[in-house]
1. Taking a quarter of the surface of the Cα convex hull of the stretch A:253-412, what do you get in nm²?
2. Roughly how large, in nm² to one decimal, is the mean projection of the convex hull of the alpha-carbon atoms in chain B?
3. Can you list the aspartates and glutamates whose alpha carbon is less than 14 Å from that of B:Lys133, not counting same-chain residues fewer than 8 positions off?
4. Treat every Asp and Glu Cβ in the protein assembly as shown as -1 and every Lys and Arg Cβ as +1, leave all other atoms uncharged, and give the resulting dipole magnitude about the Cα centre to the nearest 20 debye.
5. Please report Rg (one decimal) and Dmax (integer) in Å for the Cα set of the stretch B:77-236.
6. Applying a 10 Å radius around every beta-carbon, put A:40-51, B:191-202 in order of their mean neighbour count, most first.
7. Using only the C-alpha atoms of chain A, find the volume of their convex hull and express it per residue in Å³.
8. What is the dipole size for chain A, taken about its Cα centre, with +1 at each Lys and Arg Cβ and -1 at each Asp and Glu Cβ, in debye to the nearest 20?
Amino acid sequence: MILEVKNVKVKLGSSEILKDITFKVDKYEMVALLGPNGSGKSTILKTIFGVLRPINGVVYLDGENIEEFNFKEIARKIGYLPQENPETNLKVVDIVLLGRTPHISEFKSPSKGDLKIALNALKSVGLEGFEDRKFSELSGGEKQKVMIARIFAQQSEILLLDEPTAHLDISSQIEVMELVNKKVKSGVAAIIAIHDINLATSFCNRILMVKDGKIIRVGKPEEVINPSTIKEVFNTNVDVKKFGNRIYVVPKAKGVKRNNKNKKIHVICGGGSGVELIYKLNEMGYYVSAGVLNVLDSDWHAIMEVDGEVVDEAPFSPISQRSFQENVEVIEKSDLVILANLSVGVGNVLNLKAALRAAENGKLLVVDKTPFATRNFAGDETENLYRAILAKARVFKDETQVLRVVDEVLLER
Amino acid sequence: MHKLIPTLIMLNVFIFFLCLSLGSSSIGFYDVIDILNGVADDNTKAIILDYRMPRIITSMLVGSALATAGCAMQALFRNPLADPYVLGISSGASVGAAIVILIGIATTLNILFAAFISSLLTAFVVYKLGETKVGLPIYTLLLAGVAMASFLSGVTSLLVYLAGKDMHQVIFWIMGGFWTANWLKAEFIIIPIVASIIYVLINAWNLNAILMGEEHALSVGINVESFKKKIIGSASLLTSSAVAVSGIIGFVGIIIPHAMRLIVGENHRTLIPTTILFGAAFMPLVDLIARTATDGEIPVGIITALLGAPFFIYLLKRAKV
């Protein structure tokens with residue numbers, strides 16, 4: 001079953017709610033509609049289901065205009081779950097059985113076969129044994145799963161879900177998305193209007209970003225979700241982080257007051273040894289730089305996030321002479337340099353050489369948290385180099401102690 | 001089928017014979033047996049077959065009609081306080097009956113027709129007032145019904161005031177009862193009531209869907225706008241028929257469906273049949289009290305209220321809501 005929405009325009013009263021919406025959804029696809037309140041997400045779903053008639057454009061189901069079908073025929077092809085859950089004392093099994101309505105002829109009651117399908121649907125959402133419970137007495141998560149069982153019992157090939165995770169706790173949100181995801185993998189298509197961007201990026205293969213009745217971005221989550229598209233669609237500032245192959249969106253870190261704006265501090269780090277220093281120094285209002293770092297190193301992510309200057313090298317590559325020079329130049333310009341508790345191998349020995357320059361200039365602070373021998377993988381010569389650095393710098397037991405004296409040290413100078 | 005249904009059918013048969021056997025005259029159960037054996041005298045036959053029998057049948061029809069209409073309205077409005085009269089049907093019927101009485105053409109048949117036509121007309125006007133461009137929003141309909149009902153109550157009060165010496169006739173009609181029942185009335189209402197009840201009965205499944213809310217009903221493939229019209233149409237026909245022959249009998253349309261709901265649950269596939277049967281059993285029983293409790297007749301609406309409300313409270317308490 002392929003769903004195609006083509007140049008659809010929908011008016012409610014005098015206002016145009018949808019303006020020229022076009023997209024296609026195939027089976028095995030789980031598509032999220034993302035957009036602010038009132039952007040037209042629900043209207044898109046209602047138009048696909050045929051509740052609202054477009055004034056222009058067509059919705060095609062496998063090439064056939066949806067307007068050719070009556071509601072019963074549409075309900076056999078499309079399972080639509082409205083946003084608000086009903087309030088009713090009906091028994092759970094009666095609600096799930098309602099999903100069979102499009103399959104039973106008028107004036108007839110559901111058969112034993114329908115009952116079996118309903119009970120199976122209930123089982124598939126993990127609510128076996130709930131059939132005789134009153135719907136009104138269930139928890140929010142259970143209610144939503146009953147409603148999911150209802151559209152599963154409908155056995156349609158396209159699912160339209162209007163904010164199925166609203167008002168649910170996190171475990172129920174994930175359960176609901178997993179249930180839909182599993183169904184999609186069995187060969188149906190799902191279109192989900194949703195507000196939770198992280199749930200959408202975690203479970204959906206494709207995202208349609210909707211604003212003012214128009215689709216303004218389409219693509220895989222990692223293609224369309226970034227701070228600028230979120231700003232464009234939702235008009236808010238966020239950070240987009242990557243976690244493995246997942247991406248997630250968090251509110252942007254609060255703007256930092258650059259009251260120490262003339263002071264620059266350079267952190268020599270790597271492998272995560274500088275993360276705390278970079279964030280804290282940034283919060284304290286300093287301009288932070290770091291280097292030399294391999295791209296995608298966690299310290300590199302940290303310095304990118306605080307928008308600091310960075311001297312970087314390709315992932316897993318040793319530090320080149322050019323990067324070393326660049327690093328030294330940054331060090332020259334800095335008011336203070338901190339050598340983090342980094343591990344040293346042949347690839348980044350040049351970072352220690354740079355640190356020595358800083359030490360000779362009298363502006364190096366060293367975090368010497370763990371014995372150097374345990375983090376030195378570049379031979380005895382490096383051990384000597386490190387000792388030479390320590391001799392010319394102020395040494396601290398951990399990051400907290402360094403950070404405590406930074407203000408003071410800079411004032412002295 | 002719910003296990004309560006056979007019991008209710010037997011209850012109906014029992015009440016039918018009970019009511020045939022009791023009355024203000026001394027004719028009793030053995031006379032009923034005599035009629036069945038064909039050995040009863042003409043006077044006995046007349047009282048049982050031409051007076052008690054049509055009265056019982058009319059009250060059974062009215063009881064089931066009001067109960068069914070109430071049940072359907074409660075599902076449609078998703079409001080436990082909805083009753084058969086929400087669309088102003090009772091006030092409409094009162095105006096029709098009062099006009100006929102006031103202009104002095106108050107034969108049984110004229111009152112019946114006037115009440116029937118004016119109540120159906122009221123329902124239609126309310127429906128039209130409630131209609132909007134996007135369909136029939138249930139709250140607009142409810143408000144239109146409330147507005148229409150109070151307007152027509154005002155008209156009725158004015159007519160009662162103008163009626164002068166006929167005033168008591170109008171008030172008695174409004175109070176409701178079966179003392180004027182005869183075969184003609186029973187025959188008049190049997191077709192619309194039975195047909196509408198069957199329609200509601202076969203749509204019991206769809207009423208479950210409506211109970212979930214209109215969007216949910218739509219999502220399982222029900223053409224909600226057209227279904228709403230049909231249910232409102234049948235409920236109006238049921239109520240108008242009942243009101244035309246028996247005046248305004250309150251409480252039945254609320255109490256019977258709720259009593260059944262507390263016993264068998266919300267599922268309309270069992271709720272509708274049990275409501276029909278319980279309504280049919282309840283009404284003649286109450287009418288029996290109305291015609292035997294005192295020397296005269298107590299208007300049946302008074303008894304439904306006096307009897308119904310405590311029974312309802314008992315059920316509420318028992319269900320530990």
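The values are calculated or read from the model by the stated rules, or taken from the named source; none is laboratory data. Please read all numbers here as calculations on a predicted model, not as lab measurements. So basically every Cβ, Gly included, is an ideal-geometry build from the backbone, and we count neighbours across all protein chains shown. Note: accessible area is taken over every heavy atom of the protein model, side chains too, but ligands, DNA and RNA are not part of it. Shrake-Rupley method; radii C 1.70, N 1.55, O 1.52, S 1.80 Å.
1. Values: hull surface 33.6 nm².
Across all orientations, the stretch A:253-412 yields a mean hull projection of 8.4 nm².
2. Values: hull surface 69.9 nm².
Its average projected convex-hull area is 17.5 nm².
3. Within the straight-line cut-off, B:Lys133 pairs with B:Glu225.
4. Values: 74 positive and 71 negative charges, 60 e Å.
Computed charge dipole of the protein assembly as shown: roughly 280 debye.
5. In order Rg, Dmax, the Cα atoms of the stretch B:77-236 give 17.6, 58 Å.
6. Working: A:40-51: 23.0, B:191-202: 18.2.
Going by the mean number of other Cβ atoms within 10 Å, highest first, we get A:40-51, B:191-202.
7. Details: hull volume 79.7 nm³, N = 413.
So the per-residue Cα hull volume is 193 Å³.
8. Details: 56 positive and 55 negative charges, 110 e Å.
About 520 debye.
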